Amino acid sequence: MTELLDKRNFYIDGKWVAPAAPHDFEVIDPSTEDPVAMISLGGQADTDAAVAAAKRAFPAWSETPPAERLAYVEKILEIYQRRAADMAWAITHEMGAPSDMSAADQVESGTYHTKNFIRAFKDFEFVRPLGAHAPNTMISWEPIGVVALITPWNWPMNQVTLKVIPALLAGDTMVLKPSEIAPLSSMVFAEIVDEAGLPPGVFNLVNGDGEGVGTQLTVHPDVEMISFTGSTRAGIAISRAAADGLKKVALELGGKGANLIFADADEKAVVRGARHVFYNSGQSCNAPTRMLVQREIYDRAVETAKEVAEKTAVASAHEPGRHIGPVVSKRQWDQIQGLIEKGIAEGARLVAGGPGLPEGVNRGYFVRPTVFADVSNDMTIAQTEIFGPVLSIIPFDTEEDAIRIANDTAYGLTNYVQSEDGDRRNRLSRRLRSGMVEMNGESRGPGAFFGGVGRSGRAREGGIWGIEEFMDSKAISGWDSKA
């Protein structure tokens, strides 16, 4: 057996320090089911030490000139890009993203967001006039204080950079608690921050689980804000726990996106939608897992989705190629299998994939790319975020029918529209209940925020909105514009 990486230390007050009390926890490689590293889960003493360091660092850091904070972030980006191979290795081994996908997409998402924040920050006005009608009233944007950043395992650097970078630029100090299932990439990130030379205490990292360090941060009296990405269930618990302290809470939660494919959609719409569902082994909150297809092209769409599933290779994350890897854990695998079985039991028509491991696989948390047809929107698989490579196809007849089905969900993260009719696309984009709408395969522009409504939370992450998320606004009257 390969010797485990020893990653038990935490990054607190500018140093790597041993936990106050040992609490070993194995990080499992989901491709092999073997442990790859040993971390420690933090306790109250570790949480208190990290928060205290951040609190001490806040007065000086919050008053640094914006240009100085920007220079630190630019240095972090430079080192991040140099350490890309180390980051990709960590993500592949901790959460199972295939090696090529880790390098090209998982790691690159951190680069992308950091560059967008740098661009937005260069034009950021910390003190802005209210308007020509009130020349002596200004709106000032100011750092919040100590912020707790709780990130998930499915897109580790995507979420870490969407929180750490804007918090740094805003002038906040912070404690990062990554997922205990996939902490290795965040520890590489802490090494990057350390090399960049940030003042001690500005950035701190403590590993732990949600019930331990997560809860301790949420209720800590010296933490002013919680930024959390994860399940809706956990987000609700965090909101309740943070309420007594009247903390600011930003939640980016689950999704159950609808992909509306009309008869006039381009010929690649179904292929594009199915691939998006299977991408990252289905472990993306913005995956378009409900494919709503107009009746005229429904049978052909089902057959196309079936072909995409059957052509989607599943293999070890350690291998190069365009395949999908495992899901992150045995717990996740079991949950997905249960939902696939539920879909069959409730009468959905299984056209590809299904329960069990892929053919020829007997080790690792691999899931067969699965397609259900003839799904009704009240079925469990249509209402529950499965977080695996499982697509549900639902027929519709009219535009009104499609809107009704799409909006019949507690979630509201991303919806998708495929149609060559521009007027229809514009109408639908306004009527679909979600924080984001993507149409005809066109991604949102650089610097557009990521975030939802309803049970998807209401965080706004990315670009100028993401920086403002980590600040408080102040209205000031009697401003002397001549001073």
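A short reminder: the numbers here are calculations on the coordinates, not readings from a lab. Here the structure is a predicted model, which means the values were calculated and not measured. Cβ coordinates were reconstructed from backbone atoms using ideal geometry, including for glycine residues, and neighbour counts include every protein chain displayed.
Just a few scattered comments:
- 31 Å Cα-Cα threshold exceeded, pairs from LYS75/LYS268; LYS55/LYS75; LYS15/LYS256; LYS7/LYS306; LYS7/LYS256; LYS115/LYS306: LYS75/LYS268; LYS15/LYS256; LYS7/LYS306; LYS7/LYS256; LYS115/LYS306
- Distance from the range 58-96 to the range 233-311 (C-alpha centre basis), Å: 30
- Percent of beta bridges antiparallel (DSSP, the chain, rounded to nearest 5): 35
- Per residue, the convex hull around the alpha carbon atoms of the range 310-369 comes to 80 Å³.
- D_trans [Stokes-Einstein, Kirkwood Rh over alpha-carbon pairs] for the chain, 4 °C, 1.567 mPa s, µm² s⁻¹: 56
- Reciprocal mean inverse distance between Cα atoms of the range 80-169 - Kirkwood radius, Å: 15.3
- With θ taken as phi - 60° and the Karplus curve 6.51 cos²θ - 1.76 cosθ + 1.60 applied, the whole-hertz 3J(HN,Hα) list for the range 449-457 is 6, 10, x, x, 9, x, 6, 8, x Hz, x standing for glycine and proline.
- By the equivalent-ellipsoid construction on the alpha carbon gyration tensor, the range 258-445 comes out with semi-axes of 27, 17, 15 Å, ordered largest to smallest.
- Kirkwood-type radius of the range 70-121, with distances r between different C-alpha atoms, in Å: 11.3
- When you filter the GluC sites (Glu not before Pro) in the range 306-384 for DSSP loop state and at most 11 other Cβ atoms inside 10 Å of their Cβ, you are left with GLU359.
- Size of the range 247-369 as Cα extents on the principal axes (Å, biggest first): 51, 41, 35
- Karplus-derived 3J(HN,Hα) values for the range 211-216, using 6.51 cos²θ - 1.76 cosθ + 1.60 with θ = phi - 60°, are 5, x, 4, x, 5, 4 Hz; glycine and proline are entered as x.
- Expressed per residue, the C-alpha convex hull volume of the range 372-483 stands at 178 Å³.
- Each semi-axis of the equivalent ellipsoid for the range 1-160 is √(5λ) with λ an eigenvalue of the Cα gyration tensor; in descending order they amount to 36, 22, 13 Å.
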